[in-house]
Amino acid sequence: MKYSRIAVDTSKSVFTLHGVDAAGHAILRRNLKRAAFEAFFAKLEPTEVVLEACGGSHHWGRRLAELGHTVKLIPPQYVKPYVKRGKNDRNDAEAINEAAGRPGMRFVPVKSAASQADALALNLRELLVGQRTALINALRGHATEFGIVAAKGTQHIASLLVEVSQNQAVPQTAREVLALLGEQIDHMNQQLDKLDARLAAQQVRIRRESIAEQLAATAFDLATLLAGLAPEATAETWEADLQETKGKIERLGQVNLAAIGEFKEQSERKEYLDRQCKDLTDALETLETAMRKIDRETRARFQETFDKVNAGLKEKFPRLFGGGHAYLEIEGEESENSGVSVMARPPGKRNSTISQLSGGEKALTAVALVFAIFDLNPAPFCLLDEVDAPLDDNNIGRFCDIVREMSRSVQFIFITHNKTTMEMASQLVGVTQNEPGVSRLVAVDVDEAVRMAAM
């Protein structure tokens, strides 16, 4: 049976195993005694073994790694959320396996025996310092009972013991007991001195190993580097250079260690804003190009329309007035705010503005302009409401002629009280009142009426 991962809940005598396959299904639930634990994994093909980081886990991690297995250690605080039921060895092993299968789970490395030995020396020193502190506090407390007070710190213990031994007011038994405490403190100081010397040597060894690892990582040979040093290169010289460099760094003041990350973040934001600015610039340029194109086309269309209407006005005005001339002109510079004025001079007049014309002349000029525009964009119907009201008989005749000519392509509907205009119509629609107070519409087809009269 092939296991994808095996979780182990360790203890002093019994080990609980929980194994799963590649699909995550539990296929192993077993308890092993301490003597059979190593033999079980020695027979097993290499697999992933997960343990909770606690007492003895690093030892078993090293042993299992020697047997060819991949070992991972999980901190206990990461396992606790996955304990589903009451706490026991089997549920703990299942929780370890569940936690190990989670993506992004953090593991701790398996420590070597040398690393654990180094940590043991530090732990022992901490323990001895605590015990010495307890003895010193006890000595100072008991001495205070006899009126002898000493300042804090280990440097004042020797003078305190001398004062206790020479003070005859302190009973002999108390002096002997306090002397025993002093001997214990002195013994602790000696042990701490030996341990500090060991730790100093250990620090030098670790530093040497670290430098050797750095040299191995950079593929440099120590002997070659030493041979390449200048004759005047000494430890004192390098130490002086180091202190000078440290002084320069200190003079720089506070250094923002997050500056590189902030620079990267701000650079990414700048690139984003640059892209946004480019997009806006390109869009603005596109809009401006479109606006210039629209302006060109608008001016061209306006000029074309203006020329056609102007030509139509020049052609129709003399026909309506029996002479004279009229034209359109653009006021001011050619721009979107320019206006268009109408200039009309009937036969025999030298007016400077159209406002100097009579009402009938203005009306007939307007008719000429309207008909010129109508020729440009004709419609099926044209409605004229009392257009001929201000015209005299001569102008009415010319007005009727041009309407009659245009009626070949356009149907005119006009409201008029002029008999001449009515004579031009082919159909008449009027309102009559045969009875007082009763109005009715009367439609007359002129052509039909003529045919009926001829019969």
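Here, each number is a calculation from the coordinates, and none is a lab measurement. Since we're looking at a predicted model, the values are computed, not measured. Because the Cβ atoms are built from the backbone with ideal geometry, glycine has one as well, and the counts that use them run over all protein chains shown.
Tell me, rounded to the nearest percent, the portion of alpha carbon pairs in region 229-326 spaced more than 16 Å apart.
I get 80 percent for the Cα pairs in region 229-326 exceeding 16 Å.
Can you give the net charge of the other residues whose Cβ lies under 15 Å from the Cβ of Ala114, counting K and R as +1 and D and E as -1?
Every neighbour counted, the sum reads +3.
Of Ser4, Gly147, Leu383, which is farthest on the positive side of the dipole of the chain, counting Cα position, with +1 on Lys and Arg Cβ, -1 on Asp and Glu Cβ, and the Cα centre as origin?
Gly147
Just round it to a whole percent: the fraction of Cα-Cα distances in region 115-221 exceeding 24 Å.
Working: 2546 of 5671 pairs.
In whole percent, the long-distance tail amounts to 45.
Rounded to the nearest 500, what is the 222 nm mean residue ellipticity of the chain from helices alone, with -39500 (n - 2.57) per DSSP H run of 4+ residues and division by all residues?
Values: 14 runs with 259 residues, N = 455.
-19500 deg cm²/dmol, from helical runs alone.
Does region 5-111 come out rounded, prolate or oblate by the C-alpha gyration tensor, with a ≥ b ≥ c the root eigenvalues, rounded set by a/c under 1.5 and, if not, prolate when a/b is larger than b/c and oblate if not?
Rounded is the answer for region 5-111, as its axis ratio a/c remains below 1.5.
To one decimal place, what orientation-averaged projected area in nm² is obtained for the convex hull of the Cα set of the chain? Present the calculation step by step, with values, prior to reporting the outcome.
Working: hull surface 278.3 nm².
Averaged projected area of the chain's Cα convex hull equals 69.6 nm².
If the limit is 20 Å between Cα atoms, which of Lys12/Lys33; Lys2/Lys84; Lys84/Lys111 go over it?
Result: Lys2/Lys84; Lys84/Lys111 exceed 20 Å.
For a test of the definition: using alpha carbon positions, the gyration tensor, and the 1.5 limit on a/c, classify region 359-436 as rounded, prolate or oblate.
oblate
What ranking, highest mean first, results for peptides 391-401, 422-432 when packing means the other Cβ atoms within 10 Å averaged over each residue?
Averaged packing, sorted descending, gives the order 391-401, 422-432.
So, with +1 on the Cβ of K and R and -1 on the Cβ of D and E, and no other charges, what is the size of the charge dipole of region 115-221 about its Cα centre, to the nearest 20 debye?
Numbers: 10 positive and 12 negative charges, 19 e Å.
The dipole of region 115-221 has a size of about 100 debye.
Enter the angle in degrees (range 0 to 90, nearest 10) between the Cα long axis of helix 172-218 and the first principal axis of the Cα atoms of the chain, meaning the one along which they spread out most.
50
Specify the angular offset, from 0 to 90 degrees and rounded to the nearest 10, of the alpha carbon long axis of helix 89-100 from the longest principal axis of the alpha carbons in the chain.
Approximately 50 degrees, to the nearest 10.
If one computes the Cα centroid of region 171-187 and of region 317-374, what distance in Å separates the two points?
133
How many percent of DSSP beta bridges within the chain run antiparallel, rounded to 5?
Counting DSSP beta bridges with both partners in the chain, the antiparallel share is about 65 percent.
Output the 0 to 90 degree angle, nearest 10, between the alpha-carbon long axis of helix 359-376 and the longest principal axis computed from the alpha carbons of the chain.
Roughly 60 degrees between the two axes.
At a 10 angstrom cut-off on C-beta neighbours, averaged per residue, how do the peptides 199-206, 409-416 rank from highest to lowest?
With the highest mean Cβ count within 10 Å placed first, the list reads 409-416, 199-206.
Using per-residue counts of other Cβ atoms within 10 Å, averaged over each peptide, order 14-23, 365-374, 291-300 from highest down.
365-374, 14-23, 291-300
Tell me the trypsin sites (Lys or Arg not before Pro) within region 16-109 that lie in a loop according to DSSP and have at most 13 other beta-carbon atoms within 10 Å.
Lys84, Arg85, Lys87, Arg106
Is there a quick way to get the dipole size of the chain? I mean about its Cα centre, with the Cβ of Lys and Arg at +1 and of Asp and Glu at -1; what is the value in debye to the nearest 20?
The calculation lands at about 2500 debye.
In the P(r) worked out for region 290-377, what percent of Cα pairs fall beyond 16 Å?
Considering region 290-377, 56 percent of its Cα-Cα pairs are separated by more than 16 Å.
Positive end of the dipole of the chain, charges at C-beta (+1 Lys, Arg; -1 Asp, Glu), about the Cα centre: which of Leu222, Phe40, Met422 has its Cα farthest in that direction?
Phe40
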